[in-house]
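Read the structure below first, then the notes.
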Amino acid sequence: MTDEEAPSMRLEIGSVNVRGLDFGHRTELADHTLVIDHDELRALVLDDPHFTDVRVRLARPGESVRLIHTLDVVEPRWKVAGPGGVFPGFVSPPVTVGEGRTHRLAGVAVVEVGAPVPGESTVFRDRLIDMSGPGAELSPFGRTLNVVLEFTPNLALFPPESEVMGDVLAGTAESNEYVRAVQTAGLKAAAYLGRTAAAVAPDELETFELGPCDSHLPRVVSLHQEVTLTPFLYGVRVSLPLGAMIHPNELFDGALVRWNRGYVGSTYWEQNHPIVRELCRHHGRDLNYLGGIVFGGVTASAADKEASSSSVSKMARLLRADAALAVGINGSNHAVDLMLTIQKCERAGIKTTVVYNDVGDGPDDPGFIFAVPEADAIVNAGCRDQKVVLPKMETIIGGELLAAPALDARGELTVPMRYLHGAIDPMGHSRLTVRFE
Amino acid sequence: MANLRVVHYLNQFFAGIGAEDKADTPPGQRSGPVGPGRVLQQVLGERAQVVATVYCGDNHVAEHPAALDSILTLVAEHRPDIVVAGPAFSAGRYGMACGEISLRAGERFGVPVVTGMHPDNAAAEMYRTRVWIASTGNTATGMAPALERMARLALKLASGTPLGPPADEGYLPKGRRVFVLAERPAAERAVAMLLRKVRGEPYTTEWPVPRYQRVTPAAPVRDPSKATLALVTTGGLVPRGNPDRLESGYATKWLRYSIGGEDTLPPERWQSVHGGFDTTRINEDPHRVVPLDVVRELEREGGIGRLHPELFTTTGNTSVIPTLRRFAQEIGRELKAAGVEGVILTST
């Protein structure tokens, strides 16, 4: 079957611009203000034995509020027409999504907040959001209307000794189950709120479709590296060292949900993936966007890294890609997987560009854990270790101390940029960059 | 600003003493500019005067550590306002001498110091973060433009004028990070860069990949049966409960623990807190990352002389390179002072 004969997936994204956020008697969208029935939303989340309580709080841009222990951030969306629903595998059946029409509450975010539970890994866990001051300018979630879910865990599910971690990175089975419950609750809330836009005429409508195009245009694939702590694809949490194909429209419907830890990314940016959207907008104009390959996982050995990079570059070749745009995760062993993938793509004649965070500190540190000479087209998406001074906020949501190290969040706080949720995610929304002099 | 005093350093070849056969020439000096120094004087113009030229043979300076002190003493005699070294182009030994003299002259005299070399010169990577290095061509055919660039940098530094970005001013990046907002988001820049690359149009990376410093491995231990060995790990192995709070990532410290009387590392007493891999297997049997059990066997069998009684440990996970380099130097000094001749370094 040729490109021309293949039926293409077509998705309309209707954006409803939301300018106000309040509690009220009924959850609805009234004149661009999202009104939330507090008790109904609370009851929806509490319908899960993992929680003994949840506080629903609102945090708006300009308020003197700091959210700590923030986990995933999700944008409210609702499937208006077409197969399946939003967040397949969590709140709708795990069938292929990305067709029909989806409405989104533009400017609203659901933010999950919770201190670590016993046995939960605190590696790379600390992320925070300031609703005013310099932190709000740097983090995109300081500029969204945030519906904050603050969870109280049911500690009966964590028997004595269950806090003992065999694996410091992954945490215990009990804690992982709990984190999944938190993630599910955030997605349920996002769908519940998104539903208010079901019958509302959107302010903007954009159509995403990788239709047939001029065969002379360069064929481009996007490569999406995920952190070791694997994401959920259609609700399935599976390590993806060998890669999996994804259509951009699936991301927009929430098929890829980010494991809510690791300093990098959130479900919000998968739903609104700036690089994917940019490639879609160029499709048919000056490039032929073929789709994405999601990859990454625990590659503990050199052999795993060979297998992973070989498989991902092979998939790009199978797609007859001329070029690959990679969203890379610098630091730790992901850096090796990414660089080997770039090398193998380039050696197969596939031109690469990478969006990448600087992880260095000090003039002697080049900011790369590992690099190959073939990585000669890098977009610097900001430095994880840039120090940021955040002034005192009047209200702290989520606790008082950060997890590790236990910095006091109540006063002025100096933290590396990686602590600011979403400030420099390599999905490409930010203008923050580093110039080396 | 009248007549700044410039002292110029050259090797024996450019000072007109002779070629490779004169590379053992000890430090010396001439009054006023010599050889390329005359061009330097021209491009400096009236604002600065080359008052003296100090020289030394490339081999001499490489083989006699005291030569550097002699060179700096000669430079000091002329009370410089500016020191210029080279340019060394791609020459290895000359580049190292220019780098080291520039570094020390800057520290000692507190005046602007500028050298010049090709970016691929090994000395460039060694010194560029600490010394102003003008980017030059490969060979002496590029002498005039190199000196012009060096003179411009030196005069600018002497006048206290802030320098612009490396590409505009012609010096090698010193590694200083300037945090800025780009005109467009990363997504737009990335797609534009990819399109240029795939079309065969010129493109510029925002961030060149590094040339890594290579560490020359030490010679093999001559006679292990008489040697003291030590166990060092970046696998985050600590006493259970992690009493000294070693970090799981972004380590800020290394630790040492006595293993003097121990034959084994039982899992009830030791654990890994490394946050970059699945630690389950190590926490079942810590010898999987620190092989104390087999090293003790070797010690008893006479395969090695003796095991150093302390385990050195840290977490090698997402740490920045200067921190890890410091850990390595600090641990290395301790080991050397303790007479350790070999190390089994287990990473993860």
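The values are calculated or read from the model by the stated rules, or taken from the named source; none is laboratory data. Note that the structure is predicted; figures quoted are calculated from it, not measured. Note: ideal-geometry Cβ built from the backbone for every residue, glycine included; neighbour counts use all protein chains shown.
Annotations for the structure displayed:
- Hits in the stretch B:224-253 - residues which are in contact (Cβ under 8 Å) with a residue 60 or more places away in the chain and more than 14 Å from chain A (Cβ to nearest Cβ): B:Pro224, B:Ser225, B:Lys226, B:Ala227, B:Thr228, B:Leu229, B:Ala230, B:Leu231, B:Val232, B:Thr233
- Criterion (surrounded by fewer than 20 Cβ atoms within 10 Å (Cβ to Cβ), within 14 Å of chain B (Cβ to nearest Cβ), in contact (Cβ under 8 Å) with a residue 60 or more places away in the chain and not small (Gly, Ala, Ser)) met by exactly one of A:Pro140, A:Pro134: A:Pro134
- Residues in the stretch A:356-378 that are within 16 Å of B:Val198 (Cβ to Cβ), at the interface with chain B (Cβ under 7 Å from one of its Cβ atoms) and touching a residue at least 24 places away in the same chain (Cβ under 8 Å): A:Ala375, A:Ala377, A:Ile378.
- Pairs are defined by a Cβ separation below 6 Å, a sequence spacing of at least 6 or placement on different chains, a first member in the stretch B:300-323 that is more than 14 Å from chain A (Cβ to nearest Cβ), and a second member that is among the aromatic types (Phe, Trp, Tyr); the pairs so defined are B:Leu311/B:Tyr257; B:Thr314/B:Trp254; B:Thr314/B:Phe327.
- Candidate set from the stretch A:261-320 (those that are part of a strand (DSSP E or B) and of a type outside the set (A, V, I, L, M, F, W, C)); member that is nearest to A:Gly235 (Cα to Cα): A:Gly296
- The stretch A:172-190 - residue that is surrounded by fewer than 21 Cβ atoms within 10 Å (Cβ to Cβ) and within 14 Å of another protein chain (Cβ to nearest Cβ) and, of those, nearest to A:Gly254 (Cα to Cα): A:Asn176
- Going through (1) small (Gly, Ala, Ser); (2) under 19 Å from A:Pro426 (Cα atoms); (3) modelled with pLDDT of 95 or more one by one, A:Ser310 falls short only on (2).
- Qualifying helices (runs of 4 or more DSSP H) (wholly inside the stretch B:100-208; at least 1 residues being away from chain A (no Cβ under 13 Å) and free of Cβ contacts under 8 Å to residues at least 12 places away in the same chain): B:143-158
- Residue check for A:Thr70: of a type in the set (Ser, Thr, Tyr) and crowded, with 24+ Cβ neighbours inside 10 Å: yes
- Among the residues making up the stretch A:316-331, those that are of a type in the set (A, V, I, L, M) and touching a residue at least 60 places away in the same chain (Cβ under 8 Å) are A:Ala316, A:Leu319, A:Ala321, A:Ala323, A:Ala324, A:Leu325, A:Ala326, A:Val327, A:Ile329.
- The set of residues in the stretch B:293-330 being in a helix (DSSP H, G or I) and either within 22 Å of B:Arg222 (Cα to Cα) or not assigned by TED's automatic domain parsing to the domain that holds B:Ser272 (or both) consists of B:Val294, B:Val295, B:Arg296, B:Glu297, B:Leu298, B:Glu299, B:Arg300, B:Glu301.
- Among the candidates B:Pro243, B:Pro224, residue that is surrounded by fewer than 21 Cβ atoms within 10 Å (Cβ to Cβ), touching a helix residue (DSSP H, G or I) at 6+ places or on another chain (Cβ under 9 Å) and within 30 Å of B:Pro267 (Cβ to Cβ): B:Pro224
- Pairs where the first residue, in the stretch A:154-171, is closer than 27 Å to A:Leu46 by Cβ and within 14 Å of chain B (Cβ to nearest Cβ) and the second is crowded, with 18+ Cβ neighbours inside 10 Å and of a type in the set (Gly, Ala, Ser), C-beta under 6 Å, 6+ apart: A:Glu163/A:Gly119; A:Gly171/A:Gly119; A:Gly171/A:Ser121
- Residues in the stretch B:254-280 that are of a type in the set (D, E, K, R) and either touching a residue at least 40 places away in the same chain (Cβ under 8 Å) or more than 9 Å from every other protein chain (Cβ to nearest Cβ) (or both): B:Arg256, B:Glu262, B:Asp263, B:Glu268, B:Arg269.
- Search result, residues across the stretch A:15-65 that are among the basic types (Lys, Arg) and either within 25 Å of the chain's Cα centre (by Cα) or surrounded by 16 or more Cβ atoms within 10 Å (Cβ to Cβ) (or both): A:Arg19, A:Arg42, A:Arg55, A:Arg57, A:Arg60
- Selection from the stretch A:382-437 of residues that are in contact with a Gly (Cβ under 8 Å, 6 or more places away or on another chain), without any contact (Cβ under 8 Å) to a residue 24 or more places away in the chain and either more than 9 Å from chain B (Cβ to nearest Cβ) or β-branched (Val, Ile, Thr) (or both): A:Lys392
- Residue, modelled with the highest pLDDT, within the stretch A:239-260, restricted to residues that are more than 23 Å from A:Met9 (Cβ to Cβ) and assigned to a loop (DSSP other than H, G, I, E, B): A:Ser239
- Considering A:Val298, A:Val355, A:Val312, A:Val336, the condition of being closer than 21 Å to A:Leu240 by Cα, touching a helix residue (DSSP H, G or I) at 6+ places or on another chain (Cβ under 6 Å) and surrounded by fewer than 24 Cβ atoms within 10 Å (Cβ to Cβ) is satisfied by A:Val336 alone.
- Residue count for the stretch A:96-123, restricted to those that are outside any loop (DSSP other than H, G, I, E, B) and either under 16 Å from A:Leu149 (Cβ atoms) or within 14 Å of chain B (Cβ to nearest Cβ) (or both): 7
- Residues in the stretch B:241-256 include none that are farther than 30 Å from A:Asp361 by Cα and modelled with pLDDT of 95 or more.
- Any chance A:Thr352 is under 24 Å from the mean Cα position of the chain (by Cα), more than 12 Å from chain B (Cβ to nearest Cβ) and not in a loop (DSSP other than H, G, I, E, B): no
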